[in-house]
């Protein structure tokens, strides 16, 4: 292959890896918004806690990759449900701004709680033996393959659950109407809890994969990544699951390609300018639809 | 009225009491990165500071003029933030009324703190900040009056590394990946580039990122494409392992070299076997130390259970410099200490001999090159540009 093609293929792989991780986190934002029309700002920190769960499972329990991933997803899912029950449920009928402040507060609590317990950055041991394949000059690592495939797999499972199962149908129904759907026998609180569990569980999976790809973790790691995932969700059309995935891959791609073309300092400013232009053209995001208020 | 008067009298008495009680002690401040992105640096700094003060107090205190005075330490955390570094300096100077300050360590924190020290006319010695700007006045570019350091500066270190890459590693083409948002990383990357090119080498990639980035794949792919013989990473210990691991996953085989920001034991914990065989320049080698240093290393290991890194050694030397200058000044006075420090004869420290020149706040000393071997820092060679 010519050197130019090799170079761009390599950068595309880099973009796919970054986009996969953004996508897994973006799904949590978009699901919670879809159901509660609430932005769960603590979600990036749930992702961070996921990475620390991965650290605990790998280092203190000495578990291999698959159980670590499952345990982390389970732990994060429970955390998500607990946050919803303790912090958001009592405020479900309070003004929207109170819920946002609470979400920010939960995020700051999680950061500083972790900081108090683990002030030093932690190193995640290599849970998977890394093999790097050389495909005509393009380096493909086993870790990259796992991250991309696992993320895509989880997204397809989620898409199936939401669009093809009774629970998914209940979720979509509640996101449509919170007043009358429960009257038809749909358990509101349970469905909301399930939504939070799935969203947080995916953030836990993202935390594990992020920790394997970038194995130095710290309590503030979730802030910037969380913002970027949130932006992905908005660009894709917040509330729309497929949109969140598309938005995440766009953001990952733009970030990598801008860095590949320009000095790295241009990355965020070019990336966010492009995203703002996109929002100007499509105010509800790529797949988002305006909600009509029925009177 | 009577109540107000008695209150006034009371407060006067209290303040008199405090001054009288405080007369026998000297207060020294420390600003350390105890939390934030480099807590290992802050911990080493605080440990060495506490050890230095404990030793002096165990010996009865400092001899200031005719009386012996105990030293009291006030440690402030800068939380790994530039604004809090300046705030900590302000607090130490005005509220705690310390005689002098040691720290902060990283240049991006030392520079703002040094501005406060300079304008408040209080001596500040930074143990580990190697960026030239720390001791230079931003507007006149002349040396600051009150800000000193215990380490060499980046133009020196960058020169050492450029020569090392060309002569010892025989690398004709080099790539650099550095944090463009951090004074230290940016400064040394530029100096390295200038020196390397002057000595006949070619910089084939000069790539940047921003503090707290975790994904360097785009930059590293560019570097891989440029086919360098060596890659220079003048970045802090918490980021270097990520960069090296990602580079290896991209199939990069060129060796890496680093600067003194690699010198924390945390680098070994975070990086593990991935860093084996690489070189970096730093201030001292624990396994090739002078006799003065041997005692310090042994005491430190006994007290804290790890080998002192360069921040610990430099902090200890910063305190040594301060103690010597307080004793030779003969009085606990900020201005007198400044005068004594700038004219101090050669000081034999843990990190080697150092002396301040008349028109400079940067000591003259040499660097060492360490190699990472089997999870340990090992002495490789002494280096001068």
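Taking each residue of A:123-129 in turn, how many C-beta atoms of other protein chains fall within 10 Å of its C-beta, and what is the average?
On the way: counts 8, 1, 1, 4, 0, 0, 0.
Across A:123-129, the average partner-chain Cβ count within 10 Å equals 2.
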>> Can you compute the radius of gyration and Dmax for segment B:29-72, using only the Cα atoms, both in Å?
In response: 13.5, 44
> What's the center-to-center distance, using Cα atoms, between segment B:364-382 and segment B:42-75 in Å?
Replying inline: 30
>> Compute the angle between helix B:217-226 and the longest alpha-carbon principal axis of chain B, please, reported from 0 to 90 degrees and rounded to the nearest 10.
In response: 50
> What's the angle, to the nearest 10 degrees (0 to 90), between helix B:107-119's Cα axis and the longest principal axis of chain B?
Replying inline: 30
>> With bins 5 Å wide starting at 0, give me the P(r) of segment B:266-364 over every alpha carbon pair, in whole percents.
In response: 2, 12, 18, 19, 16, 14, 10, 5, 3, 2, 0
> Modelled label-to-label distance, residue A:149 and residue B:328, 7 Å Cα→beta-carbon offset: nm?
Replying inline: 6.8
>> What Kirkwood Rh does segment A:1-150 have if only Cα atoms enter the pairwise 1/r average? Answer in Å.
In response: 17.8
>> Defining a contact as two alpha carbons under 8 Å apart and six or more residues distant in sequence, what relative contact order in percent does segment B:54-157 show?
In response: 19
> log₁₀ I(q)/I(0) of segment B:163-238 at q = 0.13, 0.14, 0.16, 0.25 Å⁻¹, via Debye over equal Cα point scatterers, no solvent, to two decimals?
Replying inline: -0.36, -0.42, -0.54, -1.19
> Once you wrap a convex hull around the alpha carbon atoms of segment B:211-256, what is its projected area averaged over all directions, in nm²?
Replying inline: 3.0
> Based on the Cα atoms of chain A, what semi-axes does the equivalent ellipsoid have, where each is the square root of 5 times one gyration tensor eigenvalue, given in whole Å with the largest first?
Replying inline: 31, 24, 18
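Ranked highest first by average number of other Cβ atoms within 10 Å, how do A:123-130, A:233-240, A:167-174 line up? Could you put the intermediate results ahead of the total?
Working: A:123-130: 15.6, A:233-240: 25.8, A:167-174: 18.0.
Going by the mean number of other Cβ atoms within 10 Å, highest first, we get A:233-240, A:167-174, A:123-130.
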> In whole Å, what three semi-axes, largest first, describe the equivalent ellipsoid of the protein assembly as shown built from its Cα gyration tensor (square root of 5 times each eigenvalue)?
Replying inline: 49, 34, 21
>> Give the separation of the Cα centroids, segment B:273-321 to segment A:202-280, in Å.
In response: 41
> What list do you get for A:49, A:108 if you sort them by fewest beta carbons within 10 Å?
Replying inline: A:108, A:49
> Over all Cα pairs of segment A:194-252, how is the pair count split among 5 Å bins, expressed in % and running from 0 up to the last occupied bin?
Replying inline: 4, 17, 22, 29, 18, 8, 1
> Under the definition of Cα pairs under 8 Å and six or more residues apart, what whole-number percent is the relative contact order of segment B:223-360?
Replying inline: 19
>> 7 Å from Cα along Cα→Cβ at both residue A:142 and residue A:165: what's the point-to-point distance in nm?
In response: 3.0
> With labels modelled as points extended 7 Å from the Cα through the Cβ direction, what inter-label distance (nm, one decimal) is found for residue B:70 paired with residue A:113?
Replying inline: 4.2
>> For B:178, B:109, A:88, which order do you get if you count the other beta carbons within 10 Å of each Cβ and list the fewest first?
In response: A:88, B:178, B:109
>> Please list, by residue number, everything in segment B:316-350 whose backbone N is under 15 Å from a paramagnetic label point 7 Å out along Cα→Cβ of residue B:294.
In response: B:350
> In vacuo Debye scattering of segment A:191-295, one point per C-alpha: log10 I(q)/I(0) at q = 0.21 Å⁻¹?
Replying inline: -1.22
> Between residue B:198 and residue B:253, what length comes free when the chain is fully extended (0.36 nm per residue of separation minus the Cα-Cα distance, one decimal in nm)?
Replying inline: 17.2 nm
> Tell me, in nm to one decimal, what length is gained between residue A:66 and residue A:277 on full extension, where the rule is 0.36 nm per residue of separation less the Cα-Cα distance?
Replying inline: 71.9 nm
> Roughly what angle does helix B:240-249 make with the longest principal axis of chain B, taking Cα atoms, 0 to 90 degrees, to the nearest 10?
Replying inline: 10
> Over what distance in Å are the Cα centres of segment A:1-42 and segment A:121-186 separated?
Replying inline: 11
> Of all DSSP beta bridges in the protein assembly as shown, what percent run antiparallel (nearest 5)?
Replying inline: 45
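In whole percent, what relative contact order does segment A:3-281 give with Cα contacts below 8 Å and a gap of six or more residues?
Value for segment A:3-281: 39 percent.
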> Dividing the alpha-carbon Rg of chain B by 2.2 N^0.38 Å yields what?
Replying inline: 1.05
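So if we plug the beta-carbon distance of residue A:97 and residue B:120 into 1/(1 + (r/R0)^6) with R0 = 45 Å, what FRET efficiency do we get, rounded to 0.05?
Efficiency computed from Cβ-Cβ geometry: 0.60.
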> At a Förster distance of 41 Å, what's the computed FRET efficiency of residue B:307 paired with residue A:130, Cβ-Cβ distance as r, to 0.05?
Replying inline: 0.85
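Using the count of nearby Cβ atoms within 10 Å as a rough guide to exposure, how do B:283, A:93 rank from fewest to most?
Fewest-to-most ranking of B:283, A:93: A:93, B:283.
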> Under the definition of partner shielding as Cβ atoms of other protein chains within 10 Å of a residue Cβ, what is the mean value for peptide A:259-270?
Replying inline: 4
>> Going 7 Å from the Cα of residue B:212 along its beta-carbon direction, which residues of segment A:8-25 have the amide nitrogen within less than 18 Å of the resulting point?
In response: A:22
> residue A:190 to residue A:104: FRET efficiency via 1/(1 + (r/R0)^6), r the Cβ-Cβ distance, R0 22 Å, to the nearest 0.05?
Replying inline: 0.25
> Binned at 5 Å from 0, what are the whole-percent values of the Cα-Cα distance distribution for segment B:62-104, short to long?
Replying inline: 5, 20, 26, 19, 12, 8, 6, 3, 0
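Coordinate-derived values only; no laboratory data. As the structure is a computational prediction, the values presented were derived from the model and not from experiment. All Cβ positions, glycine included, derive from the backbone under ideal geometry; neighbour counts span all protein chains shown.
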